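This report refers to the structure that appears directly beneath it.
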Amino acid sequence: MLKIINGKEIAQKIYSELREEVKILEKEGRAPGLAVVLVGSDPASQTYVRSKERIAGELGFFSKVFREKEDISQQELQDLIKRLNQDREIDGILVQLPLPEHIDEKTIIEAIDPYKDVDGFHPLNTGRLFSGQRDSFRFEACTPLGIMELLEREGIEIEGKKAVVVGRSNIVGKPLAHLLLERNATVTICHSRTRDLAKETREADILIAAVGKAALITGDMVKDGVVAIDVGINRVDGKLTGDLDFDSVKEKAACITPVPGGVGPMTIAMLMKNTIKARKYHGV
Ligand code: NAD
């Protein structure tokens, strides 16, 4: 029977668990501190930052949003990050991407203290993930982490399964492939130069689409009983849709995530979870 995975509901459950953790940390002497840096006035980034600010507040975090002008210089932005790295009330630093073109994103990410890198993009964190260091302290990127949490909470077996990840970005596809590999899935990564995408996706027990092309994956490209996870966010005729052609894929899937209301809510939940992890690392 088809199960439509409700990411919103799962995220709410996670928030109620996190609220309890925050209470304990507060009693210990300090709530988790999150700093969000927003540069410029991109409407989508503003919306994301507002949600992060609201949820951090609801959970009882100490949170600060730095709204910086579009023409901030590379040096000014680096100086702000340096101050946040040294700020003992701040456990997690998130720089909302994308940054304006005149800013070198890579240098900014590398300027963040890796132990405050709650987005999991710093090379120390990706390096520890990509080299399979499960025993080291590391932050994992929020969207891939959210997908793993969804799979786990839905009781979906991963070990030995064929997982096909469509998309190889540094923020979704690549880290997700490594997390799946760590859980002993057999992982295939597809991308824009994959010769026969349908041939690959038809093999998937677990299929994750993270491309950004509406309805790229159709029902004839999946096998019966697939677990289909849709990361894509596309706007079609004013409506949000995913990379899966929901109606045709759901005819064959055992489980499917909708867009909106699937992976999206999990991403912010994992940011909050990572900030609590950072607070525990830093202590009071
Ligand atoms: P990206 O543009 O960095 O990467 C897209 C990937 O898709 C690339 O690796 C590319 O090789 C691959 N690709 C492009 N065309 C393809 C094709 N025809 N067949 C197979 N692969 C193809 O994008 P991203 O940042 O990884 O994001 C992907 C999508 O996920 C976007 O829609 C984005 O908005 C969404 N997203 C959602 C969340 C969330 O929280 N729900 C978080 C991050 C990204």
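The values are calculated or read from the model by the stated rules, or taken from the named source; none is laboratory data. Fair warning: this is a prediction, and the values are worked out from it, not measured in the lab. Cβ placement follows ideal geometry from the backbone for every residue including glycine, while neighbour counts extend to all protein chains displayed. Accessible surface areas use protein heavy atoms only, side chains included; no ligands, DNA or RNA. Shrake-Rupley method; radii C 1.70, N 1.55, O 1.52, S 1.80 Å.
Whole-percent P(r), the range 22-166, all Cα pairs, 10 Å bins from 0: 10, 34, 36, 17, 3.
Rounded to the nearest 20, the size of the Cβ-charge dipole of the range 30-113 about its Cα centre is 400 debye, with Lys and Arg at +1 and Asp and Glu at -1.
Note on the range 103-197: Lys pairs 8 or more places apart or on different chains, Cα atoms under 28 Å apart, count 5.
Bridge orientation summary for the chain: considering DSSP beta bridges with both residues in this region, about 10 percent are antiparallel.
For Lys213, a cut-off of 19 angstrom between C-alpha atoms picks up these aspartates and glutamates, skipping any fewer than 8 places away in its own chain: Asp196, Glu200, Asp230, Asp237, Asp243, Asp245, Asp247.
Please say if the range 142-264 is rounded, prolate or oblate, where rounded means a/c under 1.5 for a ≥ b ≥ c the square roots of the C-alpha gyration tensor eigenvalues, and otherwise the choice is prolate for a/b larger than b/c and oblate otherwise? Note, shape of the range 142-264 comes out rounded. For the pair Thr218 and Arg153, a Förster radius of 25 Å applied to the C-beta separation gives a FRET efficiency near 0.35, rounded to the nearest 0.05. Spin-label model, Arg67/Glu17: points 7 Å from Cα along the beta carbon direction are separated by 3.4 nm. Using all pairs of distinct alpha-carbon atoms, the Kirkwood hydrodynamic radius of the chain works out to 19.5 angstrom.
Here Thr186 and Asn6 are evaluated by their C-beta separation; at R0 = 30 Å the FRET efficiency comes out at 0.60. Carbon-plus-sulfur accessible fraction, the range 142-264 (probe radius 1.4 Å, protein heavy atoms only): 47%.
Measure up Lys3/Lys252; Lys3/Lys223; Lys69/Lys277 against 22 Å on the Cα-Cα distance and list the ones that go over. The partial results should precede the final answer.
Values: Lys3/Lys252 11 Å; Lys3/Lys223 16 Å; Lys69/Lys277 30 Å.
Check vs 22 Å cut-off fails for Lys69/Lys277.
Here Gln75 and Ser248 are evaluated by their C-beta separation; at R0 = 45 Å the FRET efficiency comes out at 0.30. Simple point charges give the picture: +1 on the Cβ of Lys and Arg, -1 on the Cβ of Asp and Glu, and for the chain a dipole about the Cα centre of about 340 debye.
Show that you can apply the helix-only estimate: for the chain, add -39,500 (n - 2.57) for every DSSP H stretch of four or more residues, divide by all residues, and state [θ] at 222 nm to the nearest 500.
Value at 222 nm, helices only, nearest 500: -13000 deg cm²/dmol.
Here the range 30-113 exposes an accessible surface that is 48 percent carbon and sulfur, computed with a 1.4 Å probe and the other protein chains kept in place. The residues of the chain present an accessible area of 48 Å² per residue when probed at 1.4 Å with all protein chains retained.
Straight-line cross-link partners of Lys199 among the aspartates and glutamates, defined as a Cα under 13 Å from its Cα and at least 8 positions apart when in the same chain: Asp220.
How big is the charge dipole of the range 149-284 about its Cα centre, in debye rounded to the nearest 20, if each Lys and Arg gets +1 on its Cβ and each Asp and Glu gets -1 on its Cβ? Let's see the in-between values first.
Numbers: 20 positive and 18 negative charges, 129 e Å.
Taking the Cα centre of the range 149-284 as origin, the dipole is about 620 debye.
Label point of Ala198 set 7 angstrom out along Cα-Cβ; within the range 207-226, amide nitrogens under 11 Å from it belong to 218-222.
Modelled spin labels at Asn85 and Lys280, positioned 7 Å past Cα toward Cβ, are 2.6 nm from each other.
Work from the charge dipole of the range 30-113 (Cβ charges, +1 for Lys and Arg, -1 for Asp and Glu, about the Cα centre) and give the residue of Gln74, Ser51, Ile103 farthest towards its positive end. Comparing the listed Cα positions along the dipole, Ser51 ranks first. Measuring how big the range 30-113 is from its alpha-carbon positions, Rg and Dmax come out at 12.5, 37 Å.
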